[in-house]
Amino acid sequence: MAHALLDSETGYAAVIHAGRHQLTADEPSLRGGTDTGPAPYELLLS
């Protein structure tokens, strides 16, 4: 069974745990984020 967990971080950043993998999503600094990872839409498009 698939398992995913989302942890909210500071501002818009989010750490996504999917199985054994971890991804960080964030908004660019121009949009109020800290640019610690790709924007959520960028992750979806990739």
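The values are calculated or read from the model by the stated rules, or taken from the named source; none is laboratory data. Predicted model only: the values in this text are computed from it and were never measured. As a convention, Cβ positions derive from the backbone with ideal geometry for all residues, glycine included, and neighbour counts pool all protein chains shown.
Taking the stated definitions as given, is Thr34 assigned to a loop (DSSP other than H, G, I, E, B) and either surrounded by 14 or more Cβ atoms within 10 Å (Cβ to Cβ) or without any contact (Cβ under 8 Å) to a residue 60 or more places away in the chain (or both)?
yes
Is it true that Leu43 is surrounded by 11 or more Cβ atoms within 10 Å (Cβ to Cβ), touching a residue at least 12 places away in the same chain (Cβ under 8 Å) and either in a helix (DSSP H, G or I) or charged (D, E, K, R) (or both)? It would help to see each step written out before you state the result.
Working: surrounded by 11 or more Cβ atoms within 10 Å (Cβ to Cβ): yes; touching a residue at least 12 places away in the same chain (Cβ under 8 Å): yes; either in a helix (DSSP H, G or I) or charged (D, E, K, R) (or both): yes.
For Leu43, the condition - surrounded by 11 or more Cβ atoms within 10 Å (Cβ to Cβ), touching a residue at least 12 places away in the same chain (Cβ under 8 Å) and either in a helix (DSSP H, G or I) or charged (D, E, K, R) (or both) - is met.
Any idea how many residues of region 6-29 are loosely packed, with under 10 Cβ neighbours inside 10 Å and either modelled with pLDDT of 95 or more or part of a strand (DSSP E or B) (or both)? Give the derivation first.
Of the residues in region 6-29, the ones loosely packed, with under 10 Cβ neighbours inside 10 Å are 8, 10, 19-21.
When the remaining residues are screened for being either modelled with pLDDT of 95 or more or part of a strand (DSSP E or B) (or both), the result is 8, 21.
The qualifying residues number 2.
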